[in-house]
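Structure first, then comments.
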Amino acid sequence: VLQPSHLEIVPLGGLGEFGMNLMVYRYGVECLVVDAGMMFPGAEHLGVDVVIPNLSFLDTCGRLRGVVLTHGHEDHIGALPYLLARHEVPVFGTAYTLGLVRARLQEHDEGLASLLHPLPVGGEPLQLGPFAVRALPVTHSIPHSVLLVLHTPVGTVVHTGDYKLDPTSADGWATDLAQLAALGREGVLAVLGDSTNADRPGWTPGEVTVRPAFDALLASAPRRVLVTLFSSNVQRMQLLCDLARRHRRRVAFVGSSMVGHAAVAEELGLLDLPVGLRVDAETAMSLPPEQALFLVTGSQGEPTSALARIAVGKHREVEIGEGDRVIHAARAIPGSQKAIGRMVNHLLRRGAEVVDETQTGVHVSGHAAADELRLVLHLLRPRFLVPVHGEFRQLSAHARLAGEIAAGGPQVVLADTGDLLALSPSECRVVDRVPVGQVFIDATLEEVDFQLLRERKQIAGDGLVVPVVAVSPLGVDPPGRIEIVSRGFLLEDGNGLFHDAKQVLADSIASATPEERGDEGLLKARLQTDLKRFLRRRTQRRPLIIPVILEL
Ligand SMILES: [Zn+2]
Ligand SMILES: [Zn+2]
């Protein structure tokens, strides 16, 4: 049998954008998927809850051997239910990752949980078709993150997943530099490396560095303290619980994702809470204020999150008041600054004090900075580097720093989502494109049609105009039989705009051919075009126009 000479690497998301990480590795017809992530929608995605990658490539790419997950962040697992709905393939992940996936699948189709399998870490490789997959532990801001070593017929590929090198990581699960060096000596053909913080110089500070800041903030707080953080940061959750005990405060977890992550973490022994430390939110509110600590969701200002509700006095259990301290212990994901700002304004208005990472050092990133990335490349000594996980500026910063490695630095291949890369022992380059894009999902977990979204945007931007036209088969009705209804367009009929618009419509009908007049679809299209042109000329606006035709 003739063996293919290339391994194909196809990112369906995550390159040139933040989120939707999904990589396909293909050898001949044998395919392996690494991660299946989502992206949070922007303000322009009206009524959209989740954005996932277009998965159509997977329908025709060949034989799917399985999905291997590097860790449980939403940008790596959020699209998995949608992938599994189309392809029932085995999914491999570490215990914490699968715990989160299981919870997620319950919202969709519980039967799919039978597809989940534990990913062995550090031991024997997992054989999936021509791919022997070894998972190695790495430090990140969520428990049980792994780097994947893919032994393939063309050579060894290291898929780093999200990682940093923090040697202070307290949960005994850390990036092992000796293992990376050993891999480098065995020979690595290509690295697909996390670029998130490639444009930050130096070294990402260790998780241990946030302890003194929290310690001081808890010691000096006269009343209640609320901390909002990423729910998946179990190490920080544990640290806050330890500090709460030290400062004689009870802890309440508030918000469904905070409670959910804590439950999975506790079940796996990753979160150790002394008896009596945890109380429910109602009990915590009834304690003397200086004895309560709340860990709440809402670090991105999401309008339905616990902290956002608390900030406007709309939370069922927790109230904020004069002298309470709110600590924002997370980075703002690009796009959520405004929502966070609004929330902070409300909190301040209620008399709370708000401190964030810029003032206090209560947050460190989960991703390696430039010096760490250089060190990892130096240890792995790959022939090729494909920067992944970032917008183009992070990918190119990763490329630049790889170029600074003095001897034996990798050859860098800058690729984009949808590129098909061919990797052989001597070459790595983009050879084709595959269909990619964003798929919008709303609260019903169903897909939102692109056309629908465009209409919502148009209505939100320039409003809606509905001309109602009564026509008889015999001929033109006078303009008096034409009405125009509008919403969100113009409040008043300035300069006789609608009067003139009616005339435009009447002229349009008058000059229509009998064929057009007899066909509702054709007539609507004609009226739409003529009215659109007229309104654009007169108002510079493009409202959504929906003609209604009444046959007499
Ligand atoms: Zn991550
Ligand atoms: Zn990520």
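The length gained on full extension between A407 and H108, counted as 0.36 nm times the residue separation minus their Cα-Cα distance, comes to 102.6 nm. Can you tally the net charge around G409? Count Lys and Arg as +1, Asp and Glu as -1, for every other residue whose Cβ sits under 12 Å from the Cβ of G409. Net charge around G409: +3.
Note on L522 and Q503: the model spin-label points, each 7 Å out from Cα along the C-beta direction, lie 2.8 nm apart. Taking a point 7 Å from the Cα of S286 along the Cα-to-Cβ direction, the residues of the stretch 304-318 with backbone N closer than 15 Å to it are 317-318.
Cα gyration tensor of the chain, axes a ≥ b ≥ c as square roots of the eigenvalues: rounded (a/c below 1.5), prolate (a/b > b/c) or oblate? Note, shape of the chain comes out oblate. Short-range pairs are left out: with C-alpha atoms under 8 Å and at least six residues apart, the relative contact order of the stretch 98-229 is 16 percent.
So how tilted is helix 177-186 from the main axis of the chain? Cα-based, degrees 0 to 90, rounded to 10. It is inclined by approximately 80 degrees. Would you work out if the stretch 393-473 is rounded, prolate or oblate? Take a ≥ b ≥ c from the square roots of the eigenvalues of the alpha-carbon gyration tensor; rounded if a/c is under 1.5, else prolate when a/b is larger than b/c, oblate otherwise. Prolate, since a/c reaches 1.5 and a/b exceeds b/c. Could you tell me which of rounded, prolate or oblate describes the stretch 1-108, using a ≥ b ≥ c as the square roots of the eigenvalues of the alpha-carbon gyration tensor, with rounded for a/c under 1.5 and, failing that, prolate when a/b is larger than b/c and oblate otherwise? Cα axes put the stretch 1-108 in the prolate bin. With a Förster radius of 30 Å applied to the beta-carbon distance between V430 and Q127, the computed FRET efficiency rounds to 0.55. With neighbour counts taken as other beta-carbon atoms within 10 Å, the residues L420, L183 rank, fewest first, as L420, L183.
Sum -39500 (n - 2.57) across every DSSP H segment of at least 4 residues in the chain, then divide by the residue count to get the 222 nm mean residue ellipticity, nearest 500.
-9500 deg cm²/dmol
For the stretch 152-287, what does the relative contact order come out to in percent, with C-alpha contacts under 8 Å and a separation of six or more?
22
Modelled spin-label separation between A170 and L2, with each label point placed 7 Å from Cα along the Cα-to-Cβ direction: 5.9 nm. Between V312 and E391, the FRET efficiency estimated from the beta carbon spacing at R0 = 51 angstrom works out to 0.95. Normalised size of the stretch 123-220, defined as Cα radius of gyration per 2.2 N^0.38 Å with N residues, equals 1.31.
With a Förster radius of 25 Å applied to the C-beta separation of L375 and T209, the computed FRET efficiency comes to 0.85. Taking the centroid of alpha carbons for each part, the stretch 505-523 and the stretch 308-374 are 58 Å apart. Between the stretch 1-70 and the stretch 210-230, the alpha-carbon centres lie 40 Å apart. Other residues with beta-carbon under 11 Å from the beta-carbon of I52 carry, at +1 per Lys or Arg and -1 per Asp or Glu, a net charge of -4.
Mean separation of Cα pairs under 8 Å and 6 or more residues apart, divided by the residue count, gives the chain a relative contact order of 16 percent.
No value in this document is a laboratory result; all are computed from the given coordinates. What you are looking at is a predicted structure, and each value in this text was computed from that prediction instead of being measured. Ideal geometry is used to build each Cβ from the backbone, glycine not excepted, and the neighbour counts take in all protein chains shown.
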